[in-house]
């Protein structure tokens, strides 16, 4: 457990856990405020009362400026010759195929010239900002600010650029992780306090298993703090 008050709890979710089925000993009913994909780890906010769930859910849904979600992603390096700018903003429209439980990111200028759109009833705007904070021989280390919160958003938007999160076979990675997870971690979270809306709670958590690759990422992040 990373944080706790009388209205909410933040845990460091393990890869493989379902956000909808988290149970905590001695806490009674809890309500997930947002979702992390099953193979993703990191900061997950849970409300302890229906009132707190409604307050926090509204803040997340309305893109309240007090809500901040930062992720770490380890992605396979793009092919030789493909250059990713050091930082940038990605804007797409996301369509979800419910049969395959997979999201597809469409660039704004592609919406009027693809038949894919007609197969989906809803498209949702997806925005994230990223910066490259380091790299190894085979991987790039990305720090991501998630502006919207869509189904498989980061995974789909990166895949649309030909970038594949390590271990994420569903979105094009070369091979799986032994743990069954993927190298996407919800590193930090900020949100208004349901008990005192004028206060912003900020939490962060290292990946649950700090192996050599995540340690290299953390060291790169430390060098790049502004």
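Residues in region 171-193 that are buried (at least 23 other Cβ atoms within 10 Å of the Cβ) and part of a loop (DSSP other than H, G, I, E, B): 3 in all.
Suppose the filter is closer than 25 Å to residue 133 by Cα and out of contact with any strand residue (DSSP E or B) (no Cβ under 7 Å at 6 or more places or on another chain); does residue 65 pass it?
When the stated conditions are applied, residue 65 passes them.
Pull up region 76-112, narrow it to residues that are more than 30 Å from residue 217 (Cβ to Cβ) and at pLDDT below 90, then point me to the one that is nearest to the chain's Cα centre (by Cα). Per the criteria, the residue is 108. Scanning region 196-226 for residues that are in contact with a helix residue (DSSP H, G or I) (Cβ under 8 Å, 6 or more places away or on another chain) and in a loop (DSSP other than H, G, I, E, B), we see that the one that is surrounded by the most Cβ atoms within 10 Å (Cβ to Cβ) is 207. Would you point out the residue of region 117-132, among those that are surrounded by 13 or more Cβ atoms within 10 Å (Cβ to Cβ) and more than 17 Å from the chain's Cα centre (by Cα), that is modelled with the highest pLDDT? Among them, the one singled out is 123. Which ones in region 23-43 are closer than 20 Å to residue 150 by Cα and part of a loop (DSSP other than H, G, I, E, B)? Within region 23-43, 33, 34, 35, 36, 37, 38, 39, 40 meet the criteria. Considering 51, 27, the condition of being surrounded by fewer than 22 Cβ atoms within 10 Å (Cβ to Cβ), out of contact with any helix residue (DSSP H, G or I) (no Cβ under 8 Å at 6 or more places or on another chain) and at pLDDT 95 or above is satisfied by 51 alone.
Among the residues in region 149-163, are any closer than 23 Å to residue 97 by Cβ, out of contact with any helix residue (DSSP H, G or I) (no Cβ under 9 Å at 6 or more places or on another chain), surrounded by fewer than 16 Cβ atoms within 10 Å (Cβ to Cβ) and modelled with pLDDT of 95 or more? No, the conditions are met nowhere in region 149-163. Among the conditions (1) in a strand (DSSP E or B); (2) touching a residue at least 60 places away in the same chain (Cβ under 8 Å); (3) in contact with a helix residue (DSSP H, G or I) (Cβ under 9 Å, 6 or more places away or on another chain), residue 95 misses just one, which is (2).
The values are calculated or read from the model by the stated rules, or taken from the named source; none is laboratory data. All values reported here derive from a predicted model rather than from experimental measurement. Backbone-built Cβ (ideal geometry, glycine too); neighbour counts: all protein chains shown.
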